[in-house]
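Asker: One structure follows; several queries about it will come next.
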Amino acid sequence: MSRSVFRTALLAATVVVGFLAAPAANASTTQCTDWQHKEFATPGYNTDVEIRLCVEAYSSAHSGYAETRWWDGGTYYKKFDNFDVRIRVERYDADYDSVGCSYESSINLYDSDYRVCDGLWVGSGSSGGWSVDGYVAYNLDGDGKGGMTWSLHGTPLVN
């Protein structure tokens, strides 16, 4: 279920409950990391990328996503052979779900942009210890070093 469909369904359910009883306690709790920055030595201008991981807790589900923004990307030069953002929802460091989003085509095409990698949904009402963690698997074009990894700091815990 996509994030927008889930939120729309949650909003509709909250409105119906609001008419029938006291205000619902179904609002989500969200915790995000600060923006994590890395400058990559790429042809032309160096490419700057920032990523922020977020975890959301609802009454019966937990979700996660990664926001990615960059500047000094492609347009004139190919920057990356590979740029995959990989994230996972965890509870007390045990993996529950993971997803990856590939951005090398976008970074190579657009000088700057913003993308959201989501799709992580764990149907669980268990409270405490939920977080999102992740990394970037990347390969700079033409540097001869092969694939590299950028480890991202995980989110604070939510219920």
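The values are calculated or read from the model by the stated rules, or taken from the named source; none is laboratory data. Please read these numbers as outputs of a predicted model, since none were measured by experiment. Every residue, glycine as well, gets a Cβ built from its backbone with ideal geometry; the counts of neighbours run over all protein chains shown.
Asker: Residues to consider are Ser63, Ser131; find the one that is in a strand (DSSP E or B), among the hydroxyl-bearing types (Ser, Thr, Tyr) and touching a Pro at 6+ places or on another chain (Cβ under 8 Å).
Answerer: Sole residue among the options that is in a strand (DSSP E or B), among the hydroxyl-bearing types (Ser, Thr, Tyr) and touching a Pro at 6+ places or on another chain (Cβ under 8 Å): Ser131.
Asker: Under 7 Å between Cβ atoms, which residue pairs at least 6 apart in sequence (or on different chains) link something in the stretch 27-44 that is without any contact (Cβ under 8 Å) to a residue 60 or more places away in the chain with a partner that is surrounded by 14 or more Cβ atoms within 10 Å (Cβ to Cβ) and not in a strand (DSSP E or B)?
Answerer: Short answer, once both residue conditions are applied: Ser28/Tyr58; Gly44/Tyr77.
Asker: So, in the stretch 56-103, how many residues would count as being buried (at least 16 other Cβ atoms within 10 Å of the Cβ), small (Gly, Ala, Ser), touching a residue at least 40 places away in the same chain (Cβ under 8 Å) and farther than 18 Å from Thr149 by Cβ?
Answerer: 5
Asker: State yes or no: is Trp130 surrounded by 16 or more Cβ atoms within 10 Å (Cβ to Cβ), more than 16 Å from Lys38 (Cα to Cα) and aromatic (Phe, Trp, Tyr)?
Answerer: Criteria met by Trp130.
Asker: Answer yes or no: is there a residue in the stretch 109-122 that is part of a loop (DSSP other than H, G, I, E, B), among the β-branched types (Val, Ile, Thr) and closer than 25 Å to Asp141 by Cβ.
Answerer: Checked the stretch 109-122: no residue is part of a loop (DSSP other than H, G, I, E, B), among the β-branched types (Val, Ile, Thr) and closer than 25 Å to Asp141 by Cβ.
Asker: Moving on. Taking the stretch 46-66 only, how many residues are over 18 Å from Ile87 (Cβ atoms) and modelled with pLDDT of 95 or more?
Answerer: The number of residues fulfilling the criteria is 3.
Asker: In addition: Return a yes/no flag: does the stretch 98-115 have any residue that is more than 30 Å from Tyr77 (Cβ to Cβ), in contact with a Leu (Cβ under 8 Å, 6 or more places away or on another chain) and at pLDDT 95 or above.
Answerer: Scanning the stretch 98-115 turns up at least one residue that is more than 30 Å from Tyr77 (Cβ to Cβ), in contact with a Leu (Cβ under 8 Å, 6 or more places away or on another chain) and at pLDDT 95 or above.
Asker: What number of residues in the stretch 140-159 are part of a strand (DSSP E or B), in contact (Cβ under 8 Å) with a residue 12 or more places away in the chain and surrounded by 13 or more Cβ atoms within 10 Å (Cβ to Cβ)?
Answerer: Counting residues in the stretch 140-159 that are part of a strand (DSSP E or B), in contact (Cβ under 8 Å) with a residue 12 or more places away in the chain and surrounded by 13 or more Cβ atoms within 10 Å (Cβ to Cβ) gives 4.
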